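Visitor: I'd like to ask you about the structure that follows.
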Amino acid sequence: MKLEESSKKKFYQWLPEERRAFLTEKGIKLSEIESETLERLDKLSENVIGQVRLPLGVLPKLIVNGKDYQVPMAVEEPSVVAAANHAAKIFNQNGGAVADSRRNGIYGQIVLEVTDNFDLTKFTTEFPQLISLANKKFVSLVKHGGGVRKIEASQKENLVFLRVLVDPAEAMGANKTNAILEFLGNELEKQPDIEQTLYAILSNYPTQLTSAKVSLSIDSVGGLKVAKKIALLSKIGQTDIYRAVTNNKGIMNGIDSVLVATGNDYRGVEAATAVWANKNGAYTSLSKWKIEEDRLVGTVTVPLAIGVVGGSIKARRDVQQSFSLLGNISAKQLAEVIATTGLANNFSALLAISTKGIQAGHMKLQARNLVATLKASEGEKAIVLKKLQESKKYTQEAAFEFLSEIRKDQK
Ligand code: MEV
């Protein structure tokens with residue numbers, strides 16, 4: 001189709017090939033993509049012109065609640081999977097993690113503007129009726145084991161704040177919760193003392209709290225000196241915000257990688273986690289490491305509003321391969337695996353910082369990225385990588401120098 005024809009339509013209505021042609025004509029360089037893939041992706045998002053790909057890695061074995069899992073991790077930072085894998089081996093040697101996800105639901109908010117005559121106490125008596133009305137309307141959610149569980153209310157002047165707790169069953173539940181909230185909002189507007197529903201939308205407030213705990217022998221972490229250092233580092237993270245936020249970034253390395261691999265909403269989890277880390281009014285570490293009865297014990301609790309169905313999970317082949325790795329997994333189990341992976345990344349970071357420092361491992365892996373950008377044969381790249389790692393010189397200049405040395409030697 002010609003661009004003039006397509007330009008009669010809005011950009012979002014164009015075919016993805018038309019958008020690509022339009023941009024290419026302007027000199028923008030787009031990567032090749034198969035048309036079948038492009039068409040598929042176009043159905044998942046808006047204004048699609050291509051794809052950004054991430055490597056999918058796997059933790060071959062992570063024991064959580066006595067069960068072995070193969071954990072998919074989608075992330076571009078090379079050290080993240082390596083770090084999780086290193087920790088997973090130590091966790092597994094110690095019997096793995098004990099984890100628990102309290103799948104107690106997700107919150108939605110309805111804010112109503114009410115008249116001066118509005119009586120909150122009378123209004124709250126109607127909540128059981130509202131709950132059953134919603135559960136009758138959204139019967140398929142109820143059939144899957146979910147539904148509206150609770151409504152709570154508070155009033156500030158002429159505004160009434162309703163907090164609606166929805167159990168989304170095996171899904172993350174954002175769409176279903178929003179539909180329920182809008183339905184309830186419309187119903188409530190029919191009442192004489194309610195002027196209007198100002199808004200009715202899901203809240204990303206922390207819920208679905210998931211904890212993981214490991215208890216590691218001192219030998220398995222490299223001795224008492226190391227264990228004590230890890231515990232001290234963790235203690236610093238409880239009060240020092242500079243350390244706390246970095247500690248939590250390490251946890252999110254693991255958590256986000258599994259969320260992305262399983263098609264879950266990492267933005268929602270990130271937003272909720274930031275609130276959770278600040279729940280007592282001061283931002284703190286999400287994890288704690290302590291020496292207890294001659295063992296190093298680590299715990300983490302994170303809000304994980306995740307699902308194993310719904311959203312784009314079924315529609316995405318890349319995500320389906322992750323679920324194939326995970327096997328037949330429930331949302332509760334997946335949350336427990338995710339929290340444990342976060343704790344694994346956290347442990348690896350603390351272990352590295354307490355021993356050889358973080359940079360050694362990071363840069364060793366980062367060297368692969370330096371080598372990947374060289375215009376060189378695969379054989380040359382392998383030699384340059386070896387030389388970078390041996391010399392511990394991790395710069396682009398060093399990579400160029402080694403490459404020209406190899407080429408000189410070959411002449
Ligand atoms: C790097 O991606 C994450 C770490 O900085 C986390 C930490 O310091 O705990 C290594």
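The values are calculated or read from the model by the stated rules, or taken from the named source; none is laboratory data. Quantities reported herein were computed from a predicted structural model and do not represent experimental measurements. Cβ: placed from backbone, ideal geometry, glycine included. Neighbour counts: every protein chain shown. For accessibility, only protein heavy atoms count, side chains too; no ligands or nucleic acids. Shrake-Rupley method; radii C 1.70, N 1.55, O 1.52, S 1.80 Å.
Visitor: Of the heavy-atom accessible surface of region 71-203 (probe 1.4 angstrom), what whole percent is carbon and sulfur? List each step's numbers first, then the result.
Guide: Working: 3320 of 6540 Å².
Carbon plus sulfur share of accessible area: 51 percent.
Visitor: At 222 nm, what value in deg cm²/dmol follows for the chain if DSSP H runs of at least 4 each add -39500 (n - 2.57) and the sum is divided by all its residues, to the nearest 500?
Guide: Values: 16 runs with 202 residues, N = 411.
That comes out to -15500 deg cm²/dmol.
Visitor: Would you mind putting 96-106, 213-223, 166-176 in packing order, based on average other-beta-carbon counts within 10 Å, highest first? Spell out each step's value before the answer.
Guide: Details: 96-106: 20.6, 213-223: 16.9, 166-176: 22.6.
Result, highest mean first: 166-176, 96-106, 213-223.
Visitor: Among DSSP beta bridges whose residues both lie in the chain, state the antiparallel percentage, nearest 5.
Guide: Values: 50 of 52 bridges.
Within the chain, antiparallel bridges account for around 95 percent of the total.
Visitor: Hey, how many Å between the Cα centroid of region 344-411 and the Cα centroid of region 16-51?
Guide: For region 344-411 versus region 16-51, the Cα centre distance is 34 Å.
Visitor: I would also like to ask the following. Helix 224-239 sits at what angle to the longest principal axis of the chain, using alpha carbons and giving 0 to 90 degrees rounded to 10?
Guide: 40
Visitor: For the chain, with only Lys/Arg (+1) and Asp/Glu (-1) charged at the beta-carbon, what is the dipole magnitude about the Cα centre, in debye rounded to 20?
Guide: Working: 54 positive and 45 negative charges, 289 e Å.
It comes to approximately 1380 debye.
Visitor: Same structure, new question: Which distance in Å, rounded to a whole number, links the C-alpha centroids of region 238-276 and region 152-184?
Guide: So the two Cα centres are separated by 25 Å.
Visitor: Students sometimes get this wrong: rank Ser132, Ser31 by accessible area, probe 1.4 Å, all chains present, largest first.
Guide: Working: Ser132 50, Ser31 90 Å².
Sorted descending by solvent-accessible area, the residues read Ser31, Ser132.
Visitor: Could you order peptides 117-129, 227-239, 52-64, 294-306 by the average number of other Cβ atoms within 10 Å of their residues, highest first? Please report the intermediate quantities before stating the final value.
Guide: Details: 117-129: 11.7, 227-239: 18.0, 52-64: 16.2, 294-306: 23.5.
Peptide ranking by packing, descending: 294-306, 227-239, 52-64, 117-129.
Visitor: Just need the relative contact order of region 88-167 here, percent rounded to a whole number, with Cα pairs under 8 Å and 6+ apart.
Guide: Working: 90 pairs, mean separation 32.0, N = 80.
With pairs under 8 Å counted, the relative contact order is 40 percent.
Visitor: Carbon-plus-sulfur fraction of the accessible area of region 282-331, 1.4 Å probe, in percent?
Guide: Here it works out to 47 percent.
Visitor: Pairs Lys61/Lys225; Lys43/Lys137; Lys26/Lys411; Lys26/Lys314; Lys332/Lys364: which are spaced more than 32 Å apart, C-alpha to C-alpha? Each step should come with its number before you reach the end.
Guide: Values: Lys61/Lys225 28 Å; Lys43/Lys137 28 Å; Lys26/Lys411 43 Å; Lys26/Lys314 36 Å; Lys332/Lys364 36 Å.
Too far apart for the 32 Å limit: Lys26/Lys411; Lys26/Lys314; Lys332/Lys364.
Visitor: Taking 7 Å along the Cα-to-C-beta vector as the label spot, tell me the Val226-Phe400 distance in nanometres, rounded to one decimal.
Guide: For Val226 paired with Phe400, the spin-label model returns 3.9 nm.
Visitor: For the pair Gln109 and Phe22, what calculated FRET efficiency results from E = 1/(1 + (r/R0)^6), where r is the Cβ-Cβ distance and R0 = 35 Å, to the nearest 0.05?
Guide: Values: r = 40 Å, r/R0 = 1.15.
My answer for the efficiency is 0.30.
Visitor: Cross-link list Lys356/Lys408; Lys89/Lys229; Lys29/Lys386; Lys29/Lys249; Lys279/Lys393; Lys9/Lys29: which exceed 31 angstrom alpha carbon to alpha carbon?
Guide: Working: Lys356/Lys408 35 Å; Lys89/Lys229 20 Å; Lys29/Lys386 33 Å; Lys29/Lys249 33 Å; Lys279/Lys393 43 Å; Lys9/Lys29 24 Å.
Beyond 31 Å between Cα atoms: Lys356/Lys408; Lys29/Lys386; Lys29/Lys249; Lys279/Lys393.
Visitor: What FRET efficiency comes out for the pair Asp318/Lys122, r = Cβ-Cβ distance, R0 = 60 Å, nearest 0.05?
Guide: On the way: r = 52 Å, r/R0 = 0.87.
Step by step, r from the Cβ atoms, then E = 0.70.
Visitor: In degrees from 0 to 90, rounded to the nearest 10, what is the angle of the helix 241-261 Cα long axis to the longest principal axis of the chain?
Guide: Roughly 80 degrees between the two axes.
Visitor: Can you tell me the order of 241-249, 343-351, 84-92, 387-395 when each peptide is scored by its average per-residue count of other Cβ atoms within 10 angstrom, highest first? Working shown, then result.
Guide: Working: 241-249: 17.2, 343-351: 28.1, 84-92: 22.1, 387-395: 15.1.
Peptide ranking by packing, descending: 343-351, 84-92, 241-249, 387-395.
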